[in-house]
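Encoded as structure tokens, the structure appears first; notes follow it.
The values are calculated or read from the model by the stated rules, or taken from the named source; none is laboratory data. Here the structure is a predicted model, which is why all the values come from computation and not from measurement. We place every Cβ from the backbone using ideal geometry, glycine too, and count neighbours over all the protein chains shown. For accessibility, only protein heavy atoms count, side chains too; no ligands or nucleic acids. Shrake-Rupley method; radii C 1.70, N 1.55, O 1.52, S 1.80 Å.
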Amino acid sequence: MQIIDLFSTPIASVYHPNHSKIKESLIQHCLNLKSTTPSGGSNWISKSLYNTFNTHNILKDNTFEDLNNWVYDQATDFKNKLGQDKKLIPNGGWFNIYTKNDSQEYHNHNFDYISAIYYLKSKPSDARTHFKSPLADNPNDPSFKVDNKYTWVNYFIYPEEGKLILFRSSMEHCVETHTTDDLRITVAYNYGI
């Protein structure tokens, strides 16, 4: 039997080859900005999570330039693999600093085409990123094997330093409650076409 994978929902991941060289200066820069820049995300449900959404666009911050360029190249490669030939337009970038008990509700970035999350500071035991299946829930579905890509209703990505994930901006995603005492810092990007 041949199974045709229709209407695929791709998520790409790639590791920054020089993460160990850029990590410390970017973490310190994020912490310095936290002390001088108000938190963003005024319409987010989670108010305790520090972020620079709409308060500090890292695309205009020279300290992030090398990372921004690398992420743009990866996003371009991803959109090419999706069959899109239009040029990506960087629409925004920000960072999030998770402390113990912070989380991020389910949301999407529908006004963009590709979104990205870069794990700047994290451990695999830190809060995972959840992606929700775009298929409608069907209460009549029978039970199924959990480890089957055709029946997943959620997909979890463990945070790993230096890992970048890319996905279509319409995908619903969230971050579970961060339960460790260590900081979890992510950098996020949105691109249009």
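Data for the structure
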read-out	value
Karplus 3J(HN,Hα) series, Hz, for the range 164-170 with 6.51 cos²θ - 1.76 cosθ + 1.60 (x for Gly, Pro)	10, 10, 10, 7, 5, 5, 6
Efficiency of FRET between Gln2 and Glu105 - r from beta-carbon atoms, R0 30 angstrom, step 0.05	0.15
FRET efficiency for Gln84 and Glu176, using Cβ-Cβ distance with R0 set to 30 Å, rounded to 0.05	0.45
Per residue value of the accessible surface for the chain (all protein chains in place, 1.4 Å probe), Å²	58
At 1.002 mPa s and 20 °C, Stokes diffusion of the range 1-154 via Kirkwood alpha-carbon radius, µm² per second	117
Additional length obtainable on full extension of the chain from Asn148 to Ser20, 0.36 nm per residue less Cα span	42.6 nm
Rg/Rg_ref, the range 1-50, where Rg_ref = 2.2 N^0.38 Å and atoms are Cα	1.98
Packing rank of 93-99, 166-172, where each peptide gets the mean count of other beta carbons within 10 Å, highest leading	93-99, 166-172
Equivalent ellipsoid, the range 99-193 (semi-axes from 5 times Cα gyration tensor eigenvalues, Å)	24, 19, 12
Degrees, to the nearest 10: 19-36 long Cα axis against longest axis of the chain	70
Coil-residue trypsin sites (Lys or Arg not before Pro) of the range 67-132, DSSP, other Cβ within 10 Å capped at 14	Lys86, Lys87, Lys100
